[in-house]
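One structure is given below, encoded as structure tokens.
The values are calculated or read from the model by the stated rules, or taken from the named source; none is laboratory data. Nothing here was measured: the structure is a model prediction, and the numbers come from that model. Virtual Cβ from ideal backbone geometry, glycine too; neighbours counted across all protein chains shown. Calculation scope for accessible area: heavy atoms of the full protein, side chains included, ligands and nucleic acids excluded. Shrake-Rupley method; radii C 1.70, N 1.55, O 1.52, S 1.80 Å.
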Amino acid sequence: MNGFRIFGDYALEFLVVTLLVALSAFTVIFFVPVIVGVTGYFTRDINSRRFKDIFTTIGKNWKILIFYTLFQLIIIVFPVLNIYFFNTHPENTNYFVLAVSVIALVVGIIYLATAPTVIVNMDVKFRQLIYNGIMMLFGSLWRSIASVLLIGGVVALILYYPYAVVLTLYAVPYLISKFMTENFYHLKAKALNTSVFELKKKQKDDDYLDEKGAIKRDDDTEKNNEKD
């Protein structure tokens, strides 16, 4: 029965996350904040995360999200539009503009992979976000390459097979969140001269214990206890 429950949780999660990301993509301007919110949601395990975590993450980071969203809109949307136009109108191709667009798009893809995890885990200003977004790549080469390739694959689908993108709206944010969170733990462990295991253990303790060492209780647990 527990297996069916977990399957149901993932199925519902797939539908809700896919719908939210798809709707935000249609509005364009809300896409980046939603991606950051989903990243914050996926940092928790399946048994403790709630859909409200998406919006809580956005609300907590709304100031940096203004600057980060504008940055991503400029460095991703305009290059994609340029590349799409040149692909559909090859006779009008300007190779200088095309080269600049490709370079800008690669930079945008890198920050789309790394910056949401930085925002979720660190209190940073925009300049610090730009620096730490690059540093996140050094947590693990293979995870960083995989994350960039995943986003690059989505961009390729947008350019050539846009209707297939909907199939990636859950899996890609989920995988990148996991990859980049591991990168973050590896970098933090190195900076603190400790192990990733110890960091995760402390994080788990912080999630369940308050500053006095007592078990934290969520709102539902407290309400149930009051009824008893």
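Leu141 - would you say it is out of contact with any His (no Cβ under 8 Å at 6 or more places or on another chain), at pLDDT 95 or above and more than 17 Å from Tyr41 (Cβ to Cβ)? Answer is no for this residue. Number of residues in segment 155-181 that are open to solvent by less than 50 Å² (accessible area, probe 1.4 Å) and either more than 30 Å from Thr88 (Cβ to Cβ) or touching a helix residue (DSSP H, G or I) at 6+ places or on another chain (Cβ under 9 Å) (or both) equals 16.
Of all residues in segment 116-129, those that are in contact (Cβ under 8 Å) with a residue 40 or more places away in the chain and either out of contact with any Ser or Thr (no Cβ under 9 Å at 6 or more places or on another chain) or open to solvent by 20 Å² or more (accessible area, probe 1.4 Å) (or both) total 7. Segment 1-60 holds helices (runs of 4 or more DSSP H) entirely within its bounds, and those carrying 3 or more residues that are among the aromatic types (Phe, Trp, Tyr) and over 20 Å from Ile176 (Cβ atoms) map to 2-27.
Note on segment 136-151: residues that are surrounded by 14 or more Cβ atoms within 10 Å (Cβ to Cβ) and not β-branched (Val, Ile, Thr) amount to 9.
Among the residues making up segment 69-108, those that are open to solvent by 80 Å² or more (accessible area, probe 1.4 Å) and closer than 28 Å to Ser144 by Cβ are Leu70, Ile74, Phe78, Leu81, Tyr84, Ile103. In segment 35-64, the qualifying residues are those that are aliphatic (A, V, I, L, M) and open to solvent by 10 Å² or more (accessible area, probe 1.4 Å), and the one that is modelled with the lowest pLDDT is Ile46. The set of residues in segment 2-17 that are in contact (Cβ under 8 Å) with a residue 24 or more places away in the chain and out of contact with any helix residue (DSSP H, G or I) (no Cβ under 7 Å at 6 or more places or on another chain) comprises Ile6, Asp9, Tyr10, Glu13, Phe14, Val16. The listed residues are Tyr174, Tyr111, Tyr131, Tyr208, and the only one of them that is at pLDDT 95 or above and over 30 Å from Tyr84 (Cβ atoms) turns out to be Tyr131.
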